[in-house]
Each structure stands twice: as C-alpha cells, then as structure tokens.
Amino acid sequence: EEARADHEAGRIALIDLRGPSEHATGVAKGAQLLPLSQLSRRAGEIPRNPDKPVYLICNTQNRSQAALKALQEQGWKRLHYVHGGMSAWAARGWPMVKP
C-alpha cells in the first residue's frame, strides 16, 4: 500500500521489470517499463536521484528482488521492491492501465 500511495503521489519512481506479454495485462499508471531482460543495457535509465526512492516491481517479487541486489552492487541507493508485485496490485483492485 505504501508503494502505491507514494507512486500515485509522485514521491517515488516505479520501474516495472515484467516482460512485454506481462505488460499487456496492465501496468500501474506512470510506471516506467523496463523488462528485466533489458536491465543490463538499460540500467542507466533508472533514476539515481537521492531525493526520490526507486521501487522495482515484477509479477510476484522474485525478479524485482534479484534486480534490487544487482543494482545495489552497481551503486544504486534508495532501492526497494514492491512486496507481492503486480499480482498483489491487481488482486487488490488498484488502478492499472494498458501500456
């Protein structure tokens, strides 16, 4: 809930790590789509603003946890992942849009 509220208020950057077929099912409005398969070459697109935390989201949280560890090893700070991922987001009926 905290991640959703902060995202909707513009206090965080939300990075959706799911693949294109998963994005087609719906995404959190305003989330940046960056499939995990492209993370190594597109990591520079993830904000490093120390004033704005970055939350990573995938379908369940497995990929976002792995990505968080990899990015922290590369120097990113203020990273988090969304517990339960987009599965939990959808199950709660939170707003989603087509990409």
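Observations, loosely collected:
- Stretched out straight at 0.36 nm per residue, the stretch from A24 to R78 would grow longer than its current Cα-Cα span by 16.6 nm.
- Selected from I57, I15, I46 as most flexible by GNM, with the chain as the system and alpha-carbon contacts under 10 Å: I46
- Helix-only [θ]222 nm of the chain, DSSP H runs n ≥ 4, -39500 (n - 2.57) each, per residue, nearest 500: -8500 deg cm²/dmol
- Extension gain, A70 to Q32: 0.36 nm times the residue separation minus the Cα-Cα distance gives 11.8 nm.
- Shape category assigned to region 1-55 from the gyration tensor of Cα positions, a/c cut at 1.5: oblate
- DSSP-defined beta bridges in the chain - what % are antiparallel, rounded to 5: 10
- Here D51 and A9 are evaluated by their C-beta separation; at R0 = 22 Å the FRET efficiency comes out at 0.95.
- Sequentially through region 55-64, phi angles give Karplus couplings (6.51, -1.76, 1.60; θ = phi - 60°) of 10, 9, 9, 10, 7, 10, 2, 5, 5, 5 Hz, Gly and Pro residues having no value and appearing as x.
- Rounded accessible area of E2 (nearest 10 Å², 1.4 Å probe): 130
- Rg and Dmax of the chain, Cα atoms only, in Å: 12.2, 35
- Long-range HN-HN contacts of L33 with modeled amide H, under 5 Å: D16
- GNM top mover of R41, R11, R78 - the chain, alpha-carbon springs below 10 Å: R41
The values are calculated or read from the model by the stated rules, or taken from the named source; none is laboratory data. Since this is a predicted model, take the numbers as computed values, not measurements. Cβ: placed from backbone, ideal geometry, glycine included. Neighbour counts: every protein chain shown. SASA here: full protein model, heavy atoms, side chains in, ligands and nucleic acids out. Shrake-Rupley method; radii C 1.70, N 1.55, O 1.52, S 1.80 Å.
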